[in-house]
Structure formats: structure tokens, C-alpha cells
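S.K.: Got a structure for you, written out below as C-alpha cells; questions coming shortly.
The values are calculated or read from the model by the stated rules, or taken from the named source; none is laboratory data. Treat the numbers as computed from the prediction; the structure is a model and nothing was measured. Ideal geometry is used to build each Cβ from the backbone, glycine not excepted, and the neighbour counts take in all protein chains shown.
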Amino acid sequence: MKPPYKAIASLRLTVVLLSLSMVLVFFGTLAQVETGIWKTQKDYFESFIVVWSYPEIWAGYDKLFWLLIPMPGGYTIGGLLLLNLSVAFLTRFKAKWSKLGIHAIHIGLITLIISELLTDILAVESKMAIDEQGRSNYSFSYQENELTLIDRSHPEHDILHNIPVKLLKPGKTVEVPDSPLRIRTVAYYPNAQLMRGQGMVESPATQGAGVKMNIRVNPQPMDYSDNDVNAATAYIEVLGPEESLGTWLVSNLIDERFPPQMVSLGDQSWEIALRFKRYYHPFEVELIDFTYDRYPGTEIPFNFSSEVVVYPFDSDRNTQALIYMNHPLRHAGLTFYQASFSEDERTTILQVVRNPGWLLPYISVLLMGFGMCYQFALHFGKFLGKRTAAS
């Protein structure tokens, strides 16, 4: 019998894993029609196992509803491929110039897999909206929400208490850190429609916008399309040390356009809100000017650009930059891309990416490119040598 490490390092296993990765990409692409790119990425490529089911939105679903196909997820295939390539490299490594190209290709592939894993674990994507002549020191995520209680009593700064929505389970009570408050989730809806005066859900709200504006909730199915946003909504009961302080309707639709909803306990007060998760940065970004062009004879915009100035809180060295297509701004470990703009054409929307492993894919491509060129040049040189000797 072959030693176990030889089976792990076999080329057959490499081919099988690469074939499975193509199958995963194929079915992930099919699933994207129904669940969108973000959920597909989580379900298929950031998981150990996944089960593909025939999409309900396809014609003929009544005949193929039983069709379920289990398959290994991206973490399983990527982990096994990383193990396979690493063991193959270690067991077959020979310090010869003739093997340099093959070793470079192996190291490049291993680096690429590691970079993808680091991106899945560590990378954070968010967006920053800035009005012309305005400033912002935070970006936000459209995919994640948080319940926030804000203490604005301090003259120089606000104190934020953030609770992830994954903790908002109906009937469960959560302590608000560094405060005398507790919150109990009466109901939570990942997506909902808010209407005045009517709704599918009887409102339990006793305080805030739900009472003053007579807002009711119509629960909706999750929307996984790339351009739409789910309106996360909840009824939250706030508990003091001795008694209930009331129940509030909160939603990421009830934003800065509405009067703040306040919770009071004695001389203290907190603003309560359910909003997109925010990432605060140690600097402010000011939008000096936002410009774009239109295709001739149409209203279709292109060539967006944002002239910005970055003001660090701990330094007087400001940074001025022009952000446009393929020319991002890199600052403090973040990369700012020009993503979009608002309907009033005076607000830019920048995509903000934190990815500690952003250099690894470039290194990987360079290593694999060098390895292939080296091996080609080596074999081509031998071929020319044989032809010269033969003639």
C-alpha cells in the first residue's frame, strides 16, 4: 500500500478537486438567479457543505421540486486543495534549477488559496456616502444591521451601545453594556414593509414612531437581489432596573429623516435605532467636488469622480485625492473606490474595503506567471539545443 501522504499528494486528487470546484461554480451560478450574489457566496463558497435545490422561480418547479444535490462547499474543496498542493510540494521538492518553475507555480497556487481564505475571514466591505462640501467619518453595510442606543449627554462625544441583530431573538432579553437597561425582543422581521394606519401585524408599540405616526408592519420575504435593500424591522421592549419603559418600533427605514426615538430613565436618555451596521474610522473624509459625464445624446452617466480630502484625527497631515474608475484611494489600511452616487447628483457613494491580504493575489499571479514562463523557456531552450545538435 502507498503511504498516506502519497495519496494526499496525488495528481488525481488535484484533478478531482479542481473538477469539483468547477461543479460548485456551475451550481452556485444557477443559485445566484434566486438568491443573489451575497447569499450565494455565503452558502456555496464560504461553507463546508451545500445542498442545491431546484429554484422555485424556474418553470417546471412542480415536477422537479424533489431535486436536491449535495456537494462539498468552498471551504471543503479549498481546504483539501491547499492540503494536496502543500503535501505535493513538500514531498516532491528538489533543489534543482530545472524544477524552479514548477515550484514557483505550486507556491503561487498555495498563496492564491490562502489569500482567498484570508479575504473570506478578514475582508470587510462597506459604503460611505458624502454630500458635496460635507464630511463623514464612518461607512456602513447594506447586508448587516445593528440595534443602537446612543447616549448624547457628553458634550464632546456620543456613547454608542451596539447590539447585533443576530441577538434579537423574539422573547430573549439582552443586557445593554455599561448601562442600566435591558432590551427584550418582542418581534423581529428580516424584511418588512412599513405602512401608516394598516398592516398585517397588530402593533405592540407603546412609545416612539410606531405610536405617534401610527406605523404598522407588513412582513415580507427576504430579497436577495443585488440592488435592493431589506428593511430589517423589530418591536423592542426596553426594560429598566425595576420596570418596563415601553415598546418601540425600530427599522432601518426609520432613519435620520425621522425625529429621533428617545428612551428615558430618570435624568438619563438614549436614542434608540435599528440601522445599518456602521464602521467608524479615525479620520474624516470631505467631498470637495463630485463630477461625471454623460454619453452623448443620452442621460446615461459615466466617468464618475470624487475629489476628496482626508483629515486624520491624530495628525495635521491631510491627504487630497481624486477617486475615479481604477484609481482608488488607499488610506489607513482601507481602499476607497468610486461606486455610485445619489439621485440628487450631489452625494457620492464610495465603496470602502478593508482587506489585509490584498497583495497576496498579485504575488500569486506573479509567481505562477514566472513559473510558466521559466518552464516554457527551459523546455524551448532544450528543444532548440536538440535541433542545433541534429543539424
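S.K.: Determine which member of the set GLN351, GLN320 is more than 30 Å from HIS106 (Cβ to Cβ), buried (at least 16 other Cβ atoms within 10 Å of the Cβ) and in contact with a strand residue (DSSP E or B) (Cβ under 6 Å, 6 or more places away or on another chain).
M.R.: GLN351
S.K.: When you check ILE236 against the structure, is it modelled with pLDDT under 95, surrounded by 16 or more Cβ atoms within 10 Å (Cβ to Cβ) and among the β-branched types (Val, Ile, Thr), yes or no? I'd like the intermediate steps shown before the answer.
M.R.: On the way: modelled with pLDDT under 95: no; surrounded by 16 or more Cβ atoms within 10 Å (Cβ to Cβ): yes; among the β-branched types (Val, Ile, Thr): yes.
Answer is no for this residue.
S.K.: Okay, next question. For segment 189-212, enumerate the residues that are surrounded by 13 or more Cβ atoms within 10 Å (Cβ to Cβ), of a type in the set (A, V, I, L, M, F, W, C), farther than 14 Å from THR247 by Cα and free of Cβ contacts under 8 Å to residues at least 40 places away in the same chain.
M.R.: Those that are surrounded by 13 or more Cβ atoms within 10 Å (Cβ to Cβ), of a type in the set (A, V, I, L, M, F, W, C), farther than 14 Å from THR247 by Cα and free of Cβ contacts under 8 Å to residues at least 40 places away in the same chain: MET195, VAL201.
S.K.: I need the full set of residues from segment 133-154 which are among the basic types (Lys, Arg) and either under 22 Å from ALA339 (Cβ atoms) or outside the structural domain of LEU168 (by TED's automatic domain parsing) (or both), in order please. Walk me through how you get there before you give the answer.
M.R.: Kept after step one, since they are among the basic types (Lys, Arg), are these residues of segment 133-154: 135, 152.
Across segment 133-154, the qualifying residue is only ARG135.
S.K.: Scan ILE130, ILE113 and give me the residue that is among the hydrophobic types (A, V, I, L, M, F, W, C), modelled with pLDDT of 90 or more and under 20 Å from ALA9 (Cβ atoms).
M.R.: ILE113
S.K.: What number of residues in segment 89-115 are under 20 Å from PRO356 (Cβ atoms) and without any contact (Cβ under 8 Å) to a residue 60 or more places away in the chain?
M.R.: Here the count works out to 2.
S.K.: Now a separate question. Return the residue satisfying two criteria in turn: it lies in segment 224-233 and is in a loop (DSSP other than H, G, I, E, B) and in contact (Cβ under 8 Å) with a residue 40 or more places away in the chain, and of such residues it is surrounded by the fewest Cβ atoms within 10 Å (Cβ to Cβ).
M.R.: Keep residues of segment 224-233 that are in a loop (DSSP other than H, G, I, E, B), which gives 224-232.
Narrowing further to those that are in contact (Cβ under 8 Å) with a residue 40 or more places away in the chain: 224-226, 229-232.
On the way: TYR224: 17, SER225: 12, ASP226: 9, VAL229: 13, ASN230: 19, ALA231: 20, ALA232: 23.
Applying the filter and picking the extreme gives ASP226.
S.K.: Sort through SER244, SER225 and tell me the only one that's in contact with a helix residue (DSSP H, G or I) (Cβ under 9 Å, 6 or more places away or on another chain) and of a type in the set (S, T, N, Q).
M.R.: Values: SER244 fails: in contact with a helix residue (DSSP H, G or I) (Cβ under 9 Å, 6 or more places away or on another chain).
Just a single option satisfies the conditions, and that option is SER225.
S.K.: Provide a single number: the residues in segment 354-391 that are surrounded by 11 or more Cβ atoms within 10 Å (Cβ to Cβ), more than 30 Å from LEU334 (Cβ to Cβ) and of a type in the set (S, T, N, Q).
M.R.: Within segment 354-391, residues that are surrounded by 11 or more Cβ atoms within 10 Å (Cβ to Cβ), more than 30 Å from LEU334 (Cβ to Cβ) and of a type in the set (S, T, N, Q) number 1.
S.K.: If the requirement is being in contact with a Ser or Thr (Cβ under 9 Å, 6 or more places away or on another chain) and either closer than 30 Å to GLN207 by Cβ or exposed (fewer than 15 other Cβ atoms within 10 Å of the Cβ) (or both), which of these qualifies: SER251, SER264, SER306, SER315?
M.R.: Details: SER264 fails: in contact with a Ser or Thr (Cβ under 9 Å, 6 or more places away or on another chain); SER306 fails: either closer than 30 Å to GLN207 by Cβ or exposed (fewer than 15 other Cβ atoms within 10 Å of the Cβ) (or both); SER315 fails: in contact with a Ser or Thr (Cβ under 9 Å, 6 or more places away or on another chain).
Being in contact with a Ser or Thr (Cβ under 9 Å, 6 or more places away or on another chain) and either closer than 30 Å to GLN207 by Cβ or exposed (fewer than 15 other Cβ atoms within 10 Å of the Cβ) (or both) holds for just one of SER251, SER264, SER306, SER315, which is SER251.
S.K.: For residues in segment 126-155 being of a type in the set (Val, Ile, Thr) and out of contact with any Lys or Arg (no Cβ under 9 Å at 6 or more places or on another chain), which is surrounded by the fewest Cβ atoms within 10 Å (Cβ to Cβ)? First the steps, then the outcome.
M.R.: Narrowing segment 126-155 to residues of a type in the set (Val, Ile, Thr): 130, 148, 150.
Adding the requirement that they be out of contact with any Lys or Arg (no Cβ under 9 Å at 6 or more places or on another chain) leaves 130, 150.
Numbers: ILE130: 21, ILE150: 18.
In this case the residue turns out to be ILE150.
S.K.: Can you find a residue in segment 156-177 that is surrounded by fewer than 16 Cβ atoms within 10 Å (Cβ to Cβ), free of Cβ contacts under 8 Å to residues at least 12 places away in the same chain and more than 29 Å from the chain's Cα centre (by Cα)?
M.R.: Checking segment 156-177: at least one residue is surrounded by fewer than 16 Cβ atoms within 10 Å (Cβ to Cβ), free of Cβ contacts under 8 Å to residues at least 12 places away in the same chain and more than 29 Å from the chain's Cα centre (by Cα).
S.K.: Quick test of your reading of the structure: PRO328 fulfils all but one of (1) under 19 Å from PHE140 (Cα atoms); (2) touching a residue at least 12 places away in the same chain (Cβ under 8 Å); (3) surrounded by 13 or more Cβ atoms within 10 Å (Cβ to Cβ); (4) of a type outside the set (Val, Ile, Thr). Name the failing condition by number.
M.R.: Among (1) under 19 Å from PHE140 (Cα atoms); (2) touching a residue at least 12 places away in the same chain (Cβ under 8 Å); (3) surrounded by 13 or more Cβ atoms within 10 Å (Cβ to Cβ); (4) of a type outside the set (Val, Ile, Thr), PRO328 violates only (2).
S.K.: Any residue at all in segment 311-318 that is within 24 Å of ASN137 (Cβ to Cβ), of a type in the set (Ser, Thr, Tyr), at pLDDT below 90 and not assigned by TED's automatic domain parsing to the domain that holds ILE114? Spell out the reasoning first.
M.R.: The initial filter retains those residues of segment 311-318 that are within 24 Å of ASN137 (Cβ to Cβ), namely 311-318.
Still in the list and also of a type in the set (Ser, Thr, Tyr): 311, 315.
So of that shortlist, the ones also at pLDDT below 90 come out as 315.
Add one more test, that the residue is not assigned by TED's automatic domain parsing to the domain that holds ILE114, and what stays is 315.
The answer is yes, given that some residue of segment 311-318 is within 24 Å of ASN137 (Cβ to Cβ), of a type in the set (Ser, Thr, Tyr), at pLDDT below 90 and not assigned by TED's automatic domain parsing to the domain that holds ILE114.
S.K.: With more than 21 Å from THR233 (Cβ to Cβ) and of a type outside the set (Lys, Arg) as the only criterion, which of ILE159, ILE163, ILE183 stands out? Step through it out loud before you land on a result.
M.R.: Values: ILE163 fails: more than 21 Å from THR233 (Cβ to Cβ); ILE183 fails: more than 21 Å from THR233 (Cβ to Cβ).
Residue meeting the stated conditions: ILE159.
S.K.: Specify which of the listed residues (SER53, SER86, SER141) is among the small types (Gly, Ala, Ser) and touching a residue at least 60 places away in the same chain (Cβ under 8 Å).
M.R.: Values: SER53 fails: touching a residue at least 60 places away in the same chain (Cβ under 8 Å); SER86 fails: touching a residue at least 60 places away in the same chain (Cβ under 8 Å).
After applying the criteria, what remains is SER141.
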